[in-house]
Each structure stands twice: as C-alpha cells, then as structure tokens.
Amino acid sequence: AFGGTYRLPSVTRDDPAYADNVYWRGRIWPPLNYLTYVGLKRCNYEGDASRLAEDSVSLFSAAWARRQMPENFSAESGLADDQPDTDTFYGWGGLMPLIGISEVIDVSPWNGWEITPRPVGASGDWRLGPLFAFGRRCELVVESGWLTLIIDGVALLQTDIAGRLRRVSIRSDGVEFETEGAGTVLLPGRAPAAMRQARFDGSDLQVDERQGEAAILVPQAPAPRPLELRWA
C-alpha cells in the first residue's frame, strides 16, 4: 500500500486522501522516509531499509539534477515542482541523501559506528567524505572492490569484506569491529612483525604479508563476530 515506483507516500495509495496530492495528503516527505528507515534498521529489517535508502537517494538525485532539495515530492511522478505550495529548496530535503550516507556509514546506540563497503545500489568506484566520524576526519574510498578507511588523511585499513562492519572502534594501537567475515583485511604501512594480536571470535588468526604489509584473512561466520587487531 505504501509501495510503488516513488515512495513512501504519506498515506496509503488506496486512501481517499491520496489523490489530492497536496502536502500530507499523499505526497512523499523526507522526514517520514528517514524515520521509517531508522525504524527498519532498529528492527533488523536490513534489506527493506537498504531498498528504501536506494529509492530515497534516487528520488533526491533526480531533483538535485534540477538544483532542488525539495520539501516533498509527488508519489506519482517523483516531482517536487508539480505543486505551487511545495518549497523546492527546504532544510529537511537533505534527509533523503542522509539516508544514503547512513547506508555507508552511521552511528547508533545499538550497533555503534557502522560501515558498509558495498551498500545496495552502489556500484563501481566511489568516495565519500571528508566527514566527521570516530571523532576525527574520515574518508571512505572504494576502488576495485576494496574499501579504504582513511582517518585524518592516513589510510588505516583496507578490506574486501562485503558485509556491514558493526561496532567499529579505532584506537591508537589498533582497530576492532564485528563482521561475518569472508574476506581480507590489509593494514597499510604496518608490517606483520608489528602486529601484537589478530583475533576473530576469540580465535587467533594468522598474519600474512602482502607487499610488505600485514594481511589477515577473516573466515566466514554464521553471524557477526568480533575482529580484534592490535599493533605495537
């Protein structure tokens, strides 16, 4: 009832108010999309949240191509300027791309800092940032399937793990996060000999060398498990 090409309408499409297409009578509102997205994430409907994020970013991108950051959108055409009483540049219009950013990097009371190397809808190489994360200047760069996490201008780690990294914690002597694994973590600028600990779900992992840098192969796990990396 809330589906369709453009979503989420503020009332169901079979509601008598929907056809009015005026303000809260059928139009798409960024605050509703954002709060619904956060609710889906909190209830662990990850796939549904990701699809809503993809839809929201797509809707916003089409408007931004016309240099609009709309107050609301038509649920039939996706347009903002089809109604004279819609402000085409409004503060909370920025919630739509924020949903997309939250798919890549976010922080919550439940999962702490999170990063998704391959969010739904993203393809090819891309870069996000600089932005303020982990209390520092952060950039995320994806090239050829590898995510590089850059903190204060220095590459901290690289990984080809596709799934979401949860409870990411960055310290002066290491980094840790929860993951389902099935991939490799590289530590740029750190030789294997500098590693004090590499542990996944309580078990030690082997630290290999790849072009002089520490490389850790993380096995697949049935659910997110803690990965702990410490260096001297």
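Miscellaneous remarks
- The charge dipole of the range 124-223, taken about its Cα centre with unit charges on the Cβ atoms of Lys, Arg (+1), Asp and Glu (-1) only, comes to about 340 debye.
- Among CYS138, VAL38, MET96 - extreme Cα towards positive end, dipole of the chain, charges at beta-carbon: CYS138
- Note that the chain presents 49 Å² accessible area per residue, ligands and nucleic acids not counted, probe 1.4 Å.
- Averaging 1/r over each pair of different alpha-carbon atoms in the range 130-209 and inverting the result gives 13.5 Å, the Kirkwood hydrodynamic radius.
- The slack between ARG13 and VAL141, meaning 0.36 nm per residue of separation minus the straight C-alpha distance, is 42.1 nm.
- Among the protein heavy atoms, those of CYS43 account for about 80 Å² of accessible surface (1.4 Å probe, every chain in place).
- If you plug the beta carbon distance of VAL120 and ALA1 into 1/(1 + (r/R0)^6) with R0 = 22 Å, you get a FRET efficiency near 0.45.
- Heavy-atom accessible surface of LEU98, to the nearest 10 Å², is about 60 Å², with a 1.4 Å probe and all protein chains retained.
- Rounded percent of accessible protein surface that carbon and sulfur make up, the chain, 1.4 Å probe: 51 percent
- Dipole of the chain computed with +1 at Lys/Arg Cβ and -1 at Asp/Glu Cβ about the Cα centre; of LEU156, ALA63, GLY183, farthest Cα towards the positive end is LEU156.
- Here the chain is assigned +1 on the Cβ of each Lys and Arg and -1 on the Cβ of each Asp and Glu. Its dipole about the Cα centre then comes out at about 480 debye.
- Here the range 14-92 is assigned +1 on the Cβ of each Lys and Arg and -1 on the Cβ of each Asp and Glu. Its dipole about the Cα centre then comes out at about 320 debye.
- Considering only PRO117, PRO31, PRO97, the mean-square fluctuation computed in a Gaussian network model of the chain, springs between alpha carbons under 10 angstrom, is largest for PRO31.
- Degrees, to the nearest 10: 30-42 long Cα axis against longest axis of the chain: 40 degrees
- With eigenvalues of the C-alpha gyration tensor scaled by 5 and rooted, the range 80-141, Å: 27, 15, 12
- Note on exposure: TRP113, TRP24, TRP92 ranked by accessible area (1.4 Å probe, complete protein assembly) read TRP24, TRP92, TRP113, with the most exposed listed first.
- Remark: the range 216-232, residue by residue, has Karplus-estimated 3J(HN,Hα) of 10, 8, 9, x, 6, 10, x, 7, x, 10, x, 10, 10, 10, 10, 9, 6 Hz, where x stands for each Gly or Pro and the curve is 6.51 cos²θ - 1.76 cosθ + 1.60 at θ = phi - 60°.
- ARG137 exposes around 120 Å² of accessible area when a 1.4 Å probe is run over every protein chain in place.
- Taking the C-alpha atoms only, the angle from helix 95-104 to the longest principal axis of the chain is near 20 degrees.
- In the chain the Cα-Cα distances spread across 10 Å bins starting at 0 as 8, 29, 29, 18, 11, 5, 1 percent of all pairs.
- Based on the Kirkwood approach, the hydrodynamic radius assigned to the range 1-133 is 15.3 Å, with every pair of different Cα atoms included.
- Ordered from highest to lowest accessible area with the whole protein assembly present and a 1.4 Å probe, THR184, THR36 read as THR36, THR184.
- Between the range 19-64 and the range 111-153, the alpha-carbon center distance in angstrom: 22 Å
The values are calculated or read from the model by the stated rules, or taken from the named source; none is laboratory data. The model shown is predicted, which means the values in this text are computed figures rather than measured ones. Counting neighbours? That spans all protein chains shown, and the Cβs are built from the backbone with ideal geometry, glycine included. With ligands, DNA and RNA removed, areas are computed over all heavy atoms of the protein, side chains included. Shrake-Rupley method; radii C 1.70, N 1.55, O 1.52, S 1.80 Å.
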